[in-house]
1. Calculate one ³J(HN,Hα) per residue across the range C:119-133 by plugging θ = phi - 60° into the Karplus curve 6.51 cos²θ - 1.76 cosθ + 1.60, and present them in order as whole Hz with x for glycine and proline.
2. Please compute the Kirkwood hydrodynamic radius of the range B:63-154 from all pairs of different C-alpha atoms, in Å with one decimal.
3. Which stretch or stretches of the range B:95-119 have amide N atoms under 11 Å from the point lying 7 Å from residue B:82's Cα along the Cα→Cβ direction?
4. Could you tell me which Cys residues in the protein assembly as shown have no other cysteine's Cβ under 4.7 Å from their own Cβ, answering none if every one has a partner?
5. With each pseudo-label sitting 7 Å past Cα toward Cβ, what's the residue D:57-residue B:242 distance in nm, one decimal?
6. Using Cα pairs under 8 angstrom and six or more residues apart, how large is the relative contact order of the range C:197-241, in percent?
7. Would you work out the relative contact order for the range B:21-267, in percent, from Cα pairs under 8 angstrom that are 6 or more residues apart?
8. So how do B:7-16, C:235-244 stack up, highest first, on mean other-Cβ count within 10 Å?
Number of protein chains: 4
Amino acid sequence: MKADNKRMLVGRERKPADTVVRVNGIAIGEGTFTVMAGPCAVESLEQTLETARRVKKAGAHLLRGGAFKPRTSPYSFQGLGSKGLEILTRAKKETGLAIVTEVMSAEDVPMVALVADILQIGARNMQNFNLLDACGRQSKPVLLKRGLMSTIEELLLSAEYILSRGNPHVILCERGVRTFEKYTRNTLDLSIVPVVKKLSHLPIIVDPSHAAGIRDYVPALSRASVAVGADGLLVEVHPRPERAKCDGSQSLTPDGFDRLMKTLRPIARAVGKKLR
Amino acid sequence: MKADNKRMLVGRERKPADTVVRVNGIAIGEGTFTVMAGPCAVESLEQTLETARRVKKAGAHLLRGGAFKPRTSPYSFQGLGSKGLEILTRAKKETGLAIVTEVMSAEDVPMVALVADILQIGARNMQNFNLLDACGRQSKPVLLKRGLMSTIEELLLSAEYILSRGNPHVILCERGVRTFEKYTRNTLDLSIVPVVKKLSHLPIIVDPSHAAGIRDYVPALSRASVAVGADGLLVEVHPRPERAKCDGSQSLTPDGFDRLMKTLRPIARAVGKKLR
Amino acid sequence: MKADNKRMLVGRERKPADTVVRVNGIAIGEGTFTVMAGPCAVESLEQTLETARRVKKAGAHLLRGGAFKPRTSPYSFQGLGSKGLEILTRAKKETGLAIVTEVMSAEDVPMVALVADILQIGARNMQNFNLLDACGRQSKPVLLKRGLMSTIEELLLSAEYILSRGNPHVILCERGVRTFEKYTRNTLDLSIVPVVKKLSHLPIIVDPSHAAGIRDYVPALSRASVAVGADGLLVEVHPRPERAKCDGSQSLTPDGFDRLMKTLRPIARAVGKKLR
Amino acid sequence: MKADNKRMLVGRERKPADTVVRVNGIAIGEGTFTVMAGPCAVESLEQTLETARRVKKAGAHLLRGGAFKPRTSPYSFQGLGSKGLEILTRAKKETGLAIVTEVMSAEDVPMVALVADILQIGARNMQNFNLLDACGRQSKPVLLKRGLMSTIEELLLSAEYILSRGNPHVILCERGVRTFEKYTRNTLDLSIVPVVKKLSHLPIIVDPSHAAGIRDYVPALSRASVAVGADGLLVEVHPRPERAKCDGSQSLTPDGFDRLMKTLRPIARAVGKKLR
């Protein structure tokens, strides 16, 4: 079955009205622009709390942060695991921010779902069909990142796995695709936003941090994401990027994030999106 | 020599101030957002005049239109040639709009430069070094489109050919790169805008029509182009796209272009760009 | 850590001698050319037995066939699961051919390892780190397929996950990467063979069936695989490709496989490889 | 018109019999394997003569060497121009080897055609339609290289330009396409050989030097090119690669070329191709 098939659960033809994913008083996809910010990896209680307080103050709606980290090399930092989940729980209690965090395998879904308000499926797991299945058989919303090498059709078919198992609360996420260009880590494909809006009722957000790989390009790409019609942003913020255990070069500082948020609001107004 | 070498003429380090390309009272790159609109190919006097009047009224600053068309197949419409140039001259006389039109080979440069206010070098000719050389040895501004397969570094090195031959009036243009994605004709790489702004002083505009290949996606990508910091837009408009001899599926109608221009202005204001 | 780091377990510098993977009396990587053939998916006992007998007779060394099938769409045939494993067991008992079959998730490893002589990790799971980990903590050899858009470095780092967990018996497999070309399903990257031979001691085989996606191109690509220095071939054979539940268009018939094997032997001799 | 259209001059349907390009007593495409070898650029009489003698002795059929060099940077060595053509003429007189050399623009065609036995159109000029036109309107055979990011369809349509202008003597050449992989300069797409053999009657050869970008990988890829069914090879040889003005890292030494030729012959025999 093709992704533009009329019988697809993810398709506009089957369900014309936009899907709105509600979590912790936030409505993702309902004419709002939702910002999820935080560190690539949860490294310590202090780092996480400091980031959470700062991004909340600047206007972020959710805290992102990885406890389980999929890493290309077996020798890279793999995340704090369940201890990372405890830290996220503390950060939520303190700040009231809902939590989005990655789950890497089907067997971890119940544990991560206890803590996360939104379960993130990473780009490298977009076609981990057992994981899609497990996320489809529970009720927490799922943030599904597009694979580095995946077509829009494949992304929608992976979302279809989740919906067909019973969970309609899926948010898509563009994070850049792999091309020959070398000045950026990946090539952010913002065309996906109008394409998905036409084909599907699911909300879609953009992660400019992983796409750019370089902090300096994140603000311009974030502004473009608002203007192109995305429903939100997933952005990396770290209090001391130079010491980050993961992806420091693409993380904004809290001050940089403050400045970014101020420039997003007038664009959101210009395109008719609410961003408090 | 690498594109980020300090001795490069196109580089920020050698010339920190933004280059402003002045043509017909328009200043491209000086905190303005310049819109170049018109048909893919000049097909007739009527089609060209009708389009020119409509895009002028909607706020376009230049008229685009091809007299010489590079086509993948030898059996496709190859443009009206010198007759097309005459039509463009008429359209300029009537509307006052400056003309941007493509030149395909070194020997045609003098003829096209008689009519064009800006000489366009197409994506497939970005590394036609004899053509770059010829455009560098005359004084009309040059719009240099990124090749479908070209890195940002290669684009800047092709611009360097022109500057090193004596012509500093170069405008870069992103028009999408080739990837595995099939829902759009090419993948618009908006990351190029902040990257070029960092590396170079040259203005850069965006062609969302060729990138998308589908009319419906052009408005969203145009809005993203303003927000990401581009200096302008190159957009296809045809009075009857369904009868266009070239690229009809990606051309806006004049009414669609009217609506687009209205949505661009508030975004331009939000990012501090002038767009009358 | 980079894939060419001297401390890498997969690296030539750390272990200069070629790794030879021994299974069922076959030595993969020891100057031999090993052919693994069979259907994409195990569909029935009859189909599997018929294929097994035919490929054995033609000279294949192992039987390939999927019981668990990773499929892009949730509505495609997902394989017979544990019943498929029983059929493979029967086919092995009858023909004596060792079995290579895919495992899709960490929790299935023990069950699949009971039947398989070689555990296959599919292209879409090349960076499913939990699965790599589980395959590294058991003793059956692992056939690790390169992801559709994975670099050689990433493939070697995924192999490093398995070796670093204690299992040195890894065979790499090239199966085509994703490019802009549309006449073939993927682009077979045979350059990987000399590159891997230089960087690593691990054996590497080629899957021309998934790369080509079209039966007609499989024989020429198989011959090139022998000549380029690969250690073997993974090739799809189905008795009635037009009725196959999966990938029929790229499957050879048993007669086609007979003819292919005959053309491989003189090339194997020409490059000094044993192929009985 | 699509490249698989029945009315295409390049198509098998219109002309079922293989095209054989005859030059200087050599028949390219007639069950033979033709080797064109020499330096990337003609640098001096000594370098060119030395290379010509050595590659002739080793069995090469034509001498390749660039007098006009298309270079990404305006500051790189651009070739000796007409002086380079004189050197090639001398080398031909001394060794009897036919000459294949690049022509970069339509206006240079008559001058280059005086010296060259085969006119080469480089990858970056594959869609320089004025150049295709000019090469189609003269009678010397044309070696048309596939663009770095051109589809097989586009390559065939560029060949169609030449045939439709009256010149049927076209040889296609695969030289690697641009992908995300970084261990090789480009990714050699050997699948093009069986695809072209099915769609077209034109001969096709392979340039493994530009694809690999690294000398060490050239022999294995050359052997694969014979086995996959190509009609010949275009390979870079330089007497002192470490001092080459262009592409030294991918050039074989004359000794390396000797060794390569010896390994090609048994494979040619194995696939039924003549290689003296």
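What follows draws every value from the coordinates through simple rules; no lab data is involved. The shown structure was predicted, so the numbers you read here are calculated from the model rather than taken from an experiment. Ideal geometry is used to build each Cβ from the backbone, glycine not excepted, and the neighbour counts take in all protein chains shown.
1. 8, 9, 9, x, 4, 6, 9, 4, 10, 8, 5, 5, 5, 4, 4
2. Hydrodynamic radius (Kirkwood, Cα pairs) of the range B:63-154 is 13.6 Å.
3. Taking a point 7 Å out along Cα→Cβ of residue B:82, the residues of the range B:95-119 whose backbone N falls under 11 Å are B:111-112.
4. A:135, A:173, B:135, B:173, C:135, C:173, D:135, D:173
5. With each label point 7 Å from Cα toward Cβ, the separation is 7.3 nm.
6. Contact order relative to length: 46 percent.
7. 20 percent
8. The most tightly packed comes first, giving C:235-244, B:7-16.
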